[in-house]
Amino acid sequence: MLSPETILLMVQTYEELKSENIEASRTLETMRWAYQQTCAGEDPWTGLGCFSHAWYGYARDNRATLVREPLEKPEQETEHTRRWAAFSAASVEFLCKLYNVPCPEWVYDPTYTLPEPWWRTPREADPDMQEYLRKTTPPPFTRRNIFCGNRIYQNKYEMAEWTREALMKGITDSNEISTYIHDKERSIHGA
């Protein structure tokens, strides 16, 4: 959990960057682009992180474009690329529903459903962890046999917005701001 001071510093930094409009000329890092990075051998979280920066930050007004294009299948599919394709499709469905963006049809392709459960945890054989992930993973992921929990798309951009909201409501105590932020987070992402 981030301290209230860290959150306030993040808000300040975010506001400074936003006012400089550094992101305006940036290449649009779509989900298709993120998946291509994974297929090219990059760590999947690198491409997904860039996509998240676009989704929550510099291209938030262009979210439908970020998810419109279907994934391009690699020449040589592997278990790794199939898993991340399914994860990408689940991510698009999840984010579109959460943020009221029309969901593209490509995400419903049955090839984006894994034949065996994929436990996104180092404790994948632990029955208690499996049960926890079964309960907390959002439906777009579980329908595709992916179990990753409900914290997968938490983000600093919303935390900055919620901090601003708290300040605009007259909340100035850093602990009360922190409580406000975490209440908002739980209302969206669950416990």
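Looking only at segment 77-97, decide whether some residue is modelled with pLDDT of 95 or more, under 17 Å from the mean Cα position of the chain (by Cα), polar (S, T, N, Q) and under 20 Å from Arg144 (Cα atoms). Yes.
In this structure, is Ser52 on the phi < 0 side of the Ramachandran plot, buried (at least 19 other Cβ atoms within 10 Å of the Cβ) and out of contact with any helix residue (DSSP H, G or I) (no Cβ under 8 Å at 6 or more places or on another chain)?
Numbers: on the phi < 0 side of the Ramachandran plot: yes; buried (at least 19 other Cβ atoms within 10 Å of the Cβ): yes; out of contact with any helix residue (DSSP H, G or I) (no Cβ under 8 Å at 6 or more places or on another chain): yes.
So Ser52 passes the test.
Within segment 112-133, the set of residues being exposed (fewer than 13 other Cβ atoms within 10 Å of the Cβ) and of a type outside the set (Gly, Ala, Ser) comprises Pro115, Glu116, Pro122, Arg123, Pro127, Asp128, Glu131. Residue check: Ala191 meets all listed conditions (1) over 20 Å from Thr65 (Cα atoms); (2) part of a loop (DSSP other than H, G, I, E, B); (3) hydrophobic (A, V, I, L, M, F, W, C); (4) at pLDDT 90 or above but one, namely (4).
Just so you know, in segment 65-117 the residues that are in a helix (DSSP H, G or I) and aromatic (Phe, Trp, Tyr) include one that is farthest from Ala34 (Cα to Cα), and it is Tyr108. Tally up the residues in segment 123-152 that are within 18 Å of the chain's Cα centre (by Cα), of a type outside the set (S, T, N, Q) and either at pLDDT below 95 or not in a helix (DSSP H, G or I) (or both), please. The number of residues fulfilling the criteria is 10. For segment 34-43, the tally of residues that are in contact (Cβ under 8 Å) with a residue 24 or more places away in the chain and farther than 13 Å from Ser91 by Cα stands at 3.
Could you give me the residue pairs with C-beta distances under 6 Å whose first residue belongs to segment 46-65 and is within 19 Å of Trp84 (Cα to Cα), whose second residue is surrounded by 17 or more Cβ atoms within 10 Å (Cβ to Cβ) and polar (S, T, N, Q) wherever it lies, and which are 6+ apart or on separate chains? Once the first residue is within 19 Å of Trp84 (Cα to Cα) and sits in segment 46-65, its partners that are surrounded by 17 or more Cβ atoms within 10 Å (Cβ to Cβ) and polar (S, T, N, Q) give Gly47/Gln37; Gly47/Thr38.
Give segment 11-48 a look and list any residue that's among the acidic types (Asp, Glu) and modelled with pLDDT of 95 or more, or say none. Working first, answer last.
Quick first cut of segment 11-48, residues among the acidic types (Asp, Glu) only: 15-16, 20, 23, 29, 42-43.
Once the filter is applied, which keeps residues that are among the acidic types (Asp, Glu) and modelled with pLDDT of 95 or more, segment 11-48 yields Glu29, Glu42, Asp43.
Among residues of segment 159-186 that are touching a residue at least 24 places away in the same chain (Cβ under 8 Å), those with a Cβ under 7 angstrom from a residue that is surrounded by 11 or more Cβ atoms within 10 Å (Cβ to Cβ) and not in a helix (DSSP H, G or I), sequence gap 6+ or separate chain, pair up as Ile177/Ile171; Glu185/Gln154. In segment 155-175, how many residues are part of a helix (DSSP H, G or I) and either touching a helix residue (DSSP H, G or I) at 6+ places or on another chain (Cβ under 8 Å) or among the β-branched types (Val, Ile, Thr) (or both)? Selection size over segment 155-175: 13.
Does Glu72 satisfy the criteria of being surrounded by 13 or more Cβ atoms within 10 Å (Cβ to Cβ), of a type in the set (Asp, Glu) and at pLDDT 95 or above?
No: the conditions fail for Glu72.
The values are calculated or read from the model by the stated rules, or taken from the named source; none is laboratory data. Here the structure is a predicted model, which means the values were calculated and not measured. FYI the Cβ positions are ideal-geometry reconstructions off the backbone, even for glycines, and counts take in every protein chain you see.
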